[in-house]
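Participant: Have a look at this one before I ask anything.
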Amino acid sequence: MGEIEDALERADREHFTKEPPKTLQGRISFLLKHLSTKEIGEEIGVTADSVNRYRRGVRKHPPADVAAKIDAAVRARWQPQVRKRRRKQAAAVTGITVETRARFGYTAPVGTTDDGRFRRLTVHLPATYAERLFDARDAGAGDQQMRGIIAEGFKEVYFQDGGGRAMGLSDVAITDIDYLDLEF
């Protein structure tokens, strides 16, 4: 997964209204509502028999990498309606806030500097950009395409201040991302 995809996943998880099961047996039982033991085993990298042992409580302490895969599988399936409602609200009304530290470069008119430089920015993008970002992710877009959507939003909201300045600015590029966090 790319940086933006990871940030979207983290933002999705922040809005759980109820925490996922904490015990290993509870997590496996939850997964069994959605997948077969064979499918769970394939996803987390163990045999179907091991999945059944975890479910029954015979094995209580999976290796760290398997435990992390179990946690990720549960969180990916936990409260899909809550996550869907938050995304819909962000895409229609509230928008999305992007906090990042990255190198921003842009194409500017002659006589101005277009050298990229690191900036730490927190910018609230309108709902249209949230909608485009979610649609791109759902369509299987790569990290570069999603970066382009965020860069376009930064250009309009931050660099051009909604049309009040820097109108000659044509393209903004985001590179060398130190961190990127999304909230919606």
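The values are calculated or read from the model by the stated rules, or taken from the named source; none is laboratory data. What you are looking at is a predicted structure, and each value in this text was computed from that prediction instead of being measured. Virtual Cβ from ideal backbone geometry, glycine too; neighbours counted across all protein chains shown. Protein only, heavy atoms only, side chains kept; ligands, DNA and RNA dropped before computing areas. Shrake-Rupley method; radii C 1.70, N 1.55, O 1.52, S 1.80 Å.
Participant: Can you spot a residue in region 57-71 that is among the hydrophobic types (A, V, I, L, M, F, W, C) and in a loop (DSSP other than H, G, I, E, B)?
Facilitator: Yes, that holds for at least one residue.
Participant: Moving on. In region 1-21, is there at least one residue being open to solvent by 30 Å² or more (accessible area, probe 1.4 Å), in a helix (DSSP H, G or I), more than 30 Å from I174 (Cα to Cα) and touching a helix residue (DSSP H, G or I) at 6+ places or on another chain (Cβ under 8 Å)?
Facilitator: no
Participant: Hey, another quick one. List, please: which pairs have Cβ atoms under 8 Å, are six or more places apart or on different chains, and start with a residue in region 32-53 that is at positive phi and end with one that is acidic (D, E) and in a helix (DSSP H, G or I)?
Facilitator: G45/D65
Participant: So, one more: Working only within region 94-120, note down all residues that are modelled with pLDDT under 85 and either open to solvent by 60 Å² or more (accessible area, probe 1.4 Å) or of a type in the set (G, A, S) (or both).
Facilitator: Hits for region 94-120 are G105, T107, A108, P109, V110, G111, T112, T113, D114, D115, G116, R117.
Participant: Could you check, for region 144-165, whether at least one of its residues is in contact with a Lys or Arg (Cβ under 6 Å, 6 or more places away or on another chain), part of a strand (DSSP E or B) and modelled with pLDDT of 90 or more?
Facilitator: no
Participant: Out of all the residues in region 126-138, is one or more at pLDDT below 90, more than 30 Å from G26 (Cα to Cα) and buried (at least 16 other Cβ atoms within 10 Å of the Cβ)?
Facilitator: No - not one qualifying residue is present in region 126-138.
Participant: Here is a list: V82, V74, V123. Which entry is open to solvent by less than 40 Å² (accessible area, probe 1.4 Å), touching a residue at least 24 places away in the same chain (Cβ under 8 Å) and part of a strand (DSSP E or B)?
Facilitator: Step by step, each of V82, V74, V123 is checked, and only V123 is open to solvent by less than 40 Å² (accessible area, probe 1.4 Å), touching a residue at least 24 places away in the same chain (Cβ under 8 Å) and part of a strand (DSSP E or B).
Participant: Being part of a helix (DSSP H, G or I) and either free of Cβ contacts under 8 Å to residues at least 40 places away in the same chain or within 21 Å of D6 (Cβ to Cβ) (or both), is that true of even one residue in region 100-114?
Facilitator: Checked region 100-114: no residue is part of a helix (DSSP H, G or I) and either free of Cβ contacts under 8 Å to residues at least 40 places away in the same chain or within 21 Å of D6 (Cβ to Cβ) (or both).
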